[in-house]
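Following: one structure in structure tokens, then a few remarks.
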Amino acid sequence: MTFHSPTSSVVGVGLTCHLRKSYKYDGNKEAVKQSSDTQKGHPGYTEDEIVSYDFNSDTHSFTLNPGVGIAFHLHTVKLTSWYDNEFGYRKRVVDIMVPQAFKE
């Protein structure tokens, strides 16, 4: 499920997953947090209380906000993330094009 916010390009995404294996929400939070520290630009992670406007001009592919997600039980989880459809997309295109420009 996606929902647009009262900004021109920020989008929220609510992803509900039904999983075969049992799931620990805190484990996922830590995995995304570690990934955001090691992978440049994607994903982002915040535990701050935020609103859609906070993501204007944000260059992350998406930013997970674990405080808004929920684990319903061991096999169903809802994750919520935000992204700026314009800036995030442009940043990923540049990330792909720059190495190609310097290839021999």
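The values are calculated or read from the model by the stated rules, or taken from the named source; none is laboratory data. Here the structure is a predicted model, which means the values were calculated and not measured. Ideal geometry is used to build each Cβ from the backbone, glycine not excepted, and the neighbour counts take in all protein chains shown. Only protein heavy atoms, including side chains, enter the accessible area calculation; ligands, DNA and RNA are left aside. Shrake-Rupley method; radii C 1.70, N 1.55, O 1.52, S 1.80 Å.
Of note:
- Taken together, S8, S61, S81 contain a single residue that is part of a strand (DSSP E or B) and either open to solvent by less than 50 Å² (accessible area, probe 1.4 Å) or not hydrophobic (A, V, I, L, M, F, W, C) (or both), which is S81.
- Failed item in (1) assigned to a strand (DSSP E or B); (2) at pLDDT below 85, with G14 passing the rest: (2)
- Number of positions in region 45-69 that are of a type outside the set (G, A, S), closer than 23 Å to E30 by Cα and in contact with a Ser or Thr (Cβ under 9 Å, 6 or more places away or on another chain): 13
- Failed criterion for R92 (all others in (1) over 17 Å from S52 (Cβ atoms); (2) open to solvent by 50 Å² or more (accessible area, probe 1.4 Å); (3) out of contact with any strand residue (DSSP E or B) (no Cβ under 9 Å at 6 or more places or on another chain) hold): (2)
- Of all residues in region 17-33, those being closer than 26 Å to N85 by Cβ and part of a helix (DSSP H, G or I) number 5.
- Of everything in region 95-104 that is loosely packed, with under 14 Cβ neighbours inside 10 Å and either within 17 Å of the chain's Cα centre (by Cα) or of a type in the set (D, E, K, R) (or both), the residue that is nearest to F55 (Cα to Cα) is K103.
- Just one of (1) surrounded by 16 or more Cβ atoms within 10 Å (Cβ to Cβ); (2) in a helix (DSSP H, G or I) fails for Y53. It is (1).
- Scan of region 64-78 for residues that are in a loop (DSSP other than H, G, I, E, B) and either open to solvent by less than 80 Å² (accessible area, probe 1.4 Å) or under 13 Å from G14 (Cα atoms) (or both), ordered by number: N65, P66, G67, V68, G69, H75
- All positions within region 11-49 that are exposed (fewer than 12 other Cβ atoms within 10 Å of the Cβ) and touching a His at 6+ places or on another chain (Cβ under 7 Å): H18, L19, S22
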